[in-house]
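The values are calculated or read from the model by the stated rules, or taken from the named source; none is laboratory data. Just so you know, these numbers come straight off a predicted model, no measurement behind them. Every residue, glycine as well, gets a Cβ built from its backbone with ideal geometry; the counts of neighbours run over all protein chains shown. Heavy atoms of the whole protein, side chains included, go into the accessibility calculation; ligands, DNA and RNA do not. Shrake-Rupley method; radii C 1.70, N 1.55, O 1.52, S 1.80 Å.
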Amino acid sequence: MTLDDGSYRPVPAINDRDAPYWTGGERGQLMLQRCRSCDHVIHPPVLLCPWDRSPDLEWEAMSGRATVESFTENLHPFLPGFPVPSVIALVDVEEDPTARILTNLIEVDAADVAIGMAVEVVFQRLESDDGPDVYLPLFRPRGPVTATHGGD
């Protein structure tokens with residue numbers, strides 16, 4: 001999908017297993033699975049809990065708060081029109097840090113990102129031609145940006 005700023009993002013294909021994750025942003029909710037047997041939050045969506053193999057999974061709205069576990073600055077477009085530079089990050093969900101989301105950080109320069117930085121979810125709406133619109137979970141800094149880098 002071409003966005004207002006001229007950049008391009010592909011629209012993920014939605015299936016029955018992951019629809020709540022991609023559509024929860026319409027209500028402003030980051031939806032992830034939780035295992036009712038062991039209480040772990042799980043991402044990406046699965047049919048069986050990777051911790052205890054239980055099929056007893058439910059979708060739950062998360063707080064949308066997370067911390068940066070790892071990140072990199074991407075300077076090369078994956079596809080023509082893909083926005084660059086962009087910050088690609090792995091964030092740990094506040095409700096269960098074993099649940100991690102691969103995402104983009106927005107509203108922050110890569111030089112200001114730090115491991116452990118507090119972030120919050122925001123959603124980018126991507127219009128779909130053949131199904132429900134997708135709400136892409138992106139993350140931005142929570143509070144003032146005060147990066148601390150090793151050796152600085």
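Quick look at the values:
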quantity: Rounded to the nearest 10 Å², the accessible area of residue 95 at probe 1.4 Å; calculated: 70
quantity: Full-extension gain in nm, residue 125 to residue 140, via 0.36 nm per residue minus C-alpha separation; calculated: 3.8 nm
quantity: Solvent exposure ordering (accessible area, 1.4 Å, most first) of 126, 136, 79, 47; calculated: 47, 79, 136, 126
quantity: Where the chain is the region considered: accessible area per residue in Å², 1.4 Å probe; calculated: 56
quantity: Heavy-atom accessible area order for 121, 93, largest first, 1.4 Å probe; calculated: 121, 93
quantity: Total charge dipole magnitude, region 1-91, about the Cα centre, Cβ charges on Lys, Arg, Asp, Glu only, Debye to nearest 20; calculated: 60
quantity: Per-pair calculated FRET efficiency, R0 = 22 Å: residue 70 and residue 36 via Cβ, rounded to 0.05; calculated: 0.15
quantity: Area accessible to solvent at residue 78, 1.4 Å probe radius, in Å²; calculated: 130
quantity: Accessible surface of the chain [probe 1.4 Å, protein heavy atoms]: carbon and sulfur percent; calculated: 50
quantity: Summed side-chain charge close to residue 44 - residues other than residue 44 whose Cβ falls under 11 Å, Lys, Arg +1, Asp, Glu -1; calculated: +1
quantity: Estimated FRET transfer efficiency when R0 is 30 angstrom, pair residue 26-residue 115 (beta carbons, to 0.05); calculated: 0.45
quantity: Neighbourhood charge, 10 Å Cβ-Cβ cut-off, centred on residue 93 and excluding it, Lys, Arg +1 and Asp, Glu -1; calculated: -2
quantity: Where the Cα pairs of the chain fall when distances are cut into 5 Å bins, in %; calculated: 2, 9, 17, 20, 19, 17, 10, 5, 2, 0, 0
quantity: Label-to-label distance, nm, for residues given as residue 46 and residue 15 (7 Å Cα→Cβ offset); calculated: 1.6
quantity: With DNA, RNA and ligands ignored, accessible area of residue 98 (1.4 Å probe; Å², nearest 10); calculated: 60
